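Undergrad: Quick one: the structure is below, questions incoming.
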DNA sequence: ACCATAGTATACAGACTAGTATACTATGAA
DNA sequence: TTCATAGTATACTAGTCTGTATACTATGGT
């Protein structure tokens, strides 16, 4: 059986290269070379480049959401604060060195067809992010957690695009100010 | 001198193919073939594929903003209504047959480097869109047109991403409801 | 009528693409 | 010790990529 550690090694390197260089523009030769592995080994773990891309997207989803949730919990002490901390977390991400936009938005751009397996993984990632927002909204006592989480999702996506396309480093804080309006009204309404 | 009509022909076809298939994944052979033109003619008009991509993005900006503004004016009778009509216009776009997301977000995904000429054209397009929003906001009597246009931009981007990645066909109307909050408060405040 | 030129058709160069084949090595378990 | 296997190294196939070269044709201005 091919070793799981080699597999992880390949996925990790592929993740970086795909994120920075794009999916179609990054070749498997380069991935194998940078991962310190031969192409034969790569193809022993993944039967095609498409499968590797899928594995990369699934891993990115796992890593990204874990780190996102950890940072939200670090930056917000209670559920109410954590709803705002979503945007402080985004802010840190946007201002990090290796920010190249959202990998799932980028992948959806290259695999535009809605039925493409890669596109489906992207949609699923967004669904899971929104589900997390919904949990926070519910715990914070929002009147309509579904609506609030959807609203915060729109703002998060908008901020991410502005940060990447226009290089707006303050997009996170701008979205936070907008988000407060929705958070306050959703929670004050519930308390009344 | 190479004929302008042939040039337009090539750009038009390239625009469709790049939009639906992506930039790196679409070859110049296919573009030349579909445009009913030989590669030699294509390279008489554009000295490289990169230049063709730039020409396509500039043309897309021109066409998109013209059509966008026409539709906003059709769907809103006065500046105040037109601010909301931004999102009805998006709604129509999202529900059109050939919707594949925002071409400039897609291009920024493939040409991630902020210094890339293509990326710069994308940023410029976003700036011009926001400028248009600002004009509407000012004419509608908004207290702070800069802030309002920025807020509407975030919502428009968020809606576009949700519509493309998640296939949410109602993203336009959802963003419209959110936008009303900002529009109302910006204009009522000004009237007070 | 002449001639530059904008085009066609086709072939080519050279590099890169995904993916496979062959031969060898090192390692760990029975 | 033996033997399967996970790996390396390297070469290859067959196709596609951008971009160029050669030869021919049609057209419009002088």
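Undergrad: Using the Kirkwood formula on the Cα atoms of the range A:1-47, what hydrodynamic radius do you get, in angstrom to one decimal?
TA: Hydrodynamic radius (Kirkwood, Cα pairs) of the range A:1-47 is 10.6 Å.
Undergrad: Taking only C-alpha pairs under 8 Å that are 6+ residues apart, what is the relative contact order of chain B in percent?
TA: In percent, rounded to a whole number, it is 20.
Undergrad: Over chain A, with a Gaussian network built from C-alpha contacts below 10 Å, which listed residue (A:56, A:165, A:13) shows the highest mean-square fluctuation?
TA: A:165
Undergrad: Hey, what angle do you get for helix B:117-139 against the long axis of chain B, alpha-carbon based, 0 to 90 degrees rounded to 10?
TA: Once rounded, the angle reads 30 degrees.
Undergrad: Past the 13 angstrom mark, what percentage of all C-alpha to C-alpha distances in the range B:137-178 do you count?
TA: Across the range B:137-178, Cα pairs with separations above 13 Å total 55 percent.
Undergrad: Helix B:49-75 sits at what angle to the longest principal axis of chain B, using alpha carbons and giving 0 to 90 degrees rounded to 10?
TA: Approximately 30 degrees, to the nearest ten.
Undergrad: Determine the calculated [θ] at 222 nm for the protein assembly as shown from helices alone, applying -39500 (n - 2.57) to every DSSP H run no shorter than 4 residues and normalising by the residue count; nearest 500 deg cm²/dmol.
TA: When only DSSP H runs of four or more count, the value is -26000 deg cm²/dmol.
Undergrad: What is the average number of partner chain Cβ atoms found within 10 Å of a Cβ in A:98-111?
TA: For peptide A:98-111, the averaged partner shielding equals 5.
Undergrad: Right, something else. Looking only at other chains, what is the average number of their beta-carbon atoms within 10 angstrom of each beta-carbon in A:145-154?
TA: Per-residue shielding by partner chains comes out at 4.
Undergrad: Any idea how far the Cα center of the range B:1-15 sits from the one of the range B:20-43, in Å?
TA: The distance from the Cα centre of the range B:1-15 to that of the range B:20-43 comes to 11 Å.
Undergrad: With angles folded into 0 to 90 degrees, how steeply does helix A:4-21 sit against the dominant principal axis of chain A? Use alpha carbons for both and round to 10.
TA: The angle comes out near 70 degrees.
Undergrad: Which residue, B:97, B:39, B:49, tops the fluctuation ranking in a GNM of chain B built on C-alpha contacts under 10 Å?
TA: B:97
Undergrad: Ok, one more. If you wrap a convex hull around the alpha carbons of the range A:51-171, what volume per residue comes out, as a whole number of Å³?
TA: So the per-residue Cα hull volume is 99 Å³.
Undergrad: How big is Rg to Rh over the protein assembly as shown, alpha-carbon atoms, Rh as the Kirkwood inverse-mean-distance radius?
TA: Radius of gyration relative to Kirkwood radius: 0.99.
Undergrad: Below 8 Å, C-alpha to C-alpha, sequence gap of six or more: please give me the relative contact order for the range A:1-47 in percent.
TA: 45 percent
Undergrad: If you count, for every residue in A:166-177, the Cβ atoms of partner chains within 10 Å of its Cβ, what is the mean?
TA: Average neighbour count from other chains, rounded to a whole number: 3.
Undergrad: Using Cβ contacts closer than 10 Å as the measure, can you line up B:73, B:157 from fewest to most?
TA: Arranged by neighbour count, lowest to highest, B:73, B:157 become B:73, B:157.
Undergrad: With a 10 Å cut-off between alpha carbons and a GNM built on chain B, which of B:25, B:35, B:85 moves the most?
TA: B:25
Each reported figure results from applying straightforward, stated rules to the coordinates on display, with no laboratory input. What you see is a predicted model, and the numbers here were worked out from it, not measured in a lab. All Cβ positions, glycine included, derive from the backbone under ideal geometry; neighbour counts span all protein chains shown.
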